[in-house]
Amino acid sequence: MNKNKVVWITGGSSGIGKACVVEFARNGYTVCATSRRTDSLKKIKESLHSEGIEISIHQCDVSNLEQVTKTRDNIIGTHKRIDCLINSAGVSSFKTAMDDSFEDIRVIIETNLFGSIYTIKSVLPVMKEQGGGTVINILSIVNKKVFTNSSAYAASKQGLQGYTESLREEVRKDKISIVNVYPGATETGIWTENVRKKYGDRMMQTEEVAKAIVWSFKNEGNLVVEELVLRPQQGDLS
């Protein structure tokens with residue numbers, strides 16, 4: 001049953017991560033939501049509690065390896081397993097390469113790339129020992145199409161794509177599935193208010209994306225959705 005499957009969702013306080021927390025929880029999975037901001041997670045937990053649904057929340061900055069390891073240990077200590085890891089924590093700057101500071105780039109790379117690698121590395125031994133599992137990475141349409149003002153963000157997402165495509169081949173024998181999701185423009189707080197006001201009616205909603213992700217995880221048998229490209233009906237923003 002779904003309630004016996006434990007799903008760890010990073011970046012669970014907002015955007016696609018938040019929508020995944022809600023959707024997986026409503027589908028009966030045991031959800032462990034993590035984020036740097038626990039206040040937002042508490043509100044999500046309270047809202048789901050009013051529906052009779054319980055989740056566990058943990059403070060975790062994925063760019064901090066010590067916090068990642070501690071969070072993994074806490075989840076295992078309580079639930080004994082991790083069936084699915086969803087890497088949704090991410091940041092961007094939407095600046096030109098010329099204007100991006102080294103600090104901007106460092107934060108983006110450490111969160112989006114290193115942070116995801118930290119969480120993946122932390123769960124692989126667990127999944128191998130328990131006989132399998134799934135890692136779902138929220139990448140971006142920037143992996144499929146060139147956009148300006150996204151160089152550092154694109155570097156982080158393309159780096160994670162390369163890492164996980166190689167990893168996928170290494171862990172097939174362990175029944176560990178790697179799923180890379182490439183969402184197009186989605187209405188989240190990562191966009192500026194002006195962009196959301198201008199293009200909001202064209203953007204995908206986080207709930208739509210989360211439903212697709214849950215669907216990809218629900219597949220059973222000798223089949224896995226390894227790539228999921230999601231775009232607004234009217235195409236990419238340009």
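The values are calculated or read from the model by the stated rules, or taken from the named source; none is laboratory data. Only a predicted model underlies this, so the values are computations on that prediction, with no experimental measurement involved. Cβ placement follows ideal geometry from the backbone for every residue including glycine, while neighbour counts extend to all protein chains displayed.
Screening the range 119-144 for residues that are out of contact with any strand residue (DSSP E or B) (no Cβ under 8 Å at 6 or more places or on another chain) and either within 19 Å of residue 181 (Cβ to Cβ) or among the small types (Gly, Ala, Ser) (or both) and picking the one that is surrounded by the most Cβ atoms within 10 Å (Cβ to Cβ) gives 122.
Within the set 51, 66, the sole residue that is touching a Lys or Arg at 6+ places or on another chain (Cβ under 8 Å) and over 30 Å from residue 148 (Cβ atoms) turns out to be 51. When 188, 78, 111, 134 are screened for being under 20 Å from residue 12 (Cβ atoms) and in contact with a Leu (Cβ under 8 Å, 6 or more places away or on another chain), only 134 passes.
Each row is one residue, and each column tells you yes or no for (1) buried (at least 17 other Cβ atoms within 10 Å of the Cβ); (2) of a type in the set (Gly, Ala, Ser); (3) free of Cβ contacts under 8 Å to residues at least 12 places away in the same chain.
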{"residue": "9", "(1), (2), (3)": "yes, no, no"}
{"residue": "30", "(1), (2), (3)": "yes, no, no"}
{"residue": "33", "(1), (2), (3)": "yes, yes, no"}
{"residue": "58", "(1), (2), (3)": "yes, no, no"}
{"residue": "63", "(1), (2), (3)": "yes, yes, no"}
{"residue": "73", "(1), (2), (3)": "no, no, yes"}
{"residue": "77", "(1), (2), (3)": "no, yes, yes"}
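Scanning the range 37-58 for residues that are touching a strand residue (DSSP E or B) at 6+ places or on another chain (Cβ under 7 Å) and outside any helix (DSSP H, G or I) turns up 55, 56, 57, 58.
It is to be established whether one or more residues within the range 168-191 are more than 24 Å from residue 22 (Cα to Cα) and of a type in the set (Ser, Thr, Tyr). Among the residues of the range 168-191, not one is more than 24 Å from residue 22 (Cα to Cα) and of a type in the set (Ser, Thr, Tyr), which makes the answer no.
For residue 75, the criteria (1) in contact with a helix residue (DSSP H, G or I) (Cβ under 8 Å, 6 or more places away or on another chain); (2) closer than 18 Å to residue 127 by Cβ; (3) of a type in the set (A, V, I, L, M) hold in every case but one, which is (1).
Here residue 61 meets each of (1) farther than 19 Å from residue 19 by Cβ; (2) at pLDDT below 95 with one exception, condition (2).
Could you run through the range 168-184 and say how many residues are assigned to a helix (DSSP H, G or I) and crowded, with 17+ Cβ neighbours inside 10 Å?
Pass one, the range 168-184, residues assigned to a helix (DSSP H, G or I): 168-174.
Next cut, crowded, with 17+ Cβ neighbours inside 10 Å only: 168, 171.
So the answer is 2.
Could you say whether any residue in the range 122-142 is outside any helix (DSSP H, G or I), touching a Pro at 6+ places or on another chain (Cβ under 9 Å), of a type in the set (A, V, I, L, M) and in contact (Cβ under 8 Å) with a residue 12 or more places away in the chain? Walk me through how you get there before you give the answer.
Let us first name the residues in the range 122-142 that are outside any helix (DSSP H, G or I), namely 131-140.
Now drop any that are not touching a Pro at 6+ places or on another chain (Cβ under 9 Å), which leaves 138-140.
Now restrict to residues that are of a type in the set (A, V, I, L, M): 138-139.
Filter once more, keeping what is in contact (Cβ under 8 Å) with a residue 12 or more places away in the chain: 138-139.
Yes, because at least one residue in the range 122-142 is outside any helix (DSSP H, G or I), touching a Pro at 6+ places or on another chain (Cβ under 9 Å), of a type in the set (A, V, I, L, M) and in contact (Cβ under 8 Å) with a residue 12 or more places away in the chain.
For the range 185-230, the tally of residues that are surrounded by 14 or more Cβ atoms within 10 Å (Cβ to Cβ), over 15 Å from the mean Cα position of the chain (by Cα), under 27 Å from residue 165 (Cβ atoms) and at pLDDT below 80 stands at 0. Confirm whether residue 90 is modelled with pLDDT under 95, under 16 Å from the mean Cα position of the chain (by Cα) and in a loop (DSSP other than H, G, I, E, B). Taking the combined requirement at face value, the residue satisfies it. For the range 143-152, a tally of residues being in contact with a helix residue (DSSP H, G or I) (Cβ under 9 Å, 6 or more places away or on another chain) and in a loop (DSSP other than H, G, I, E, B) returns 3.
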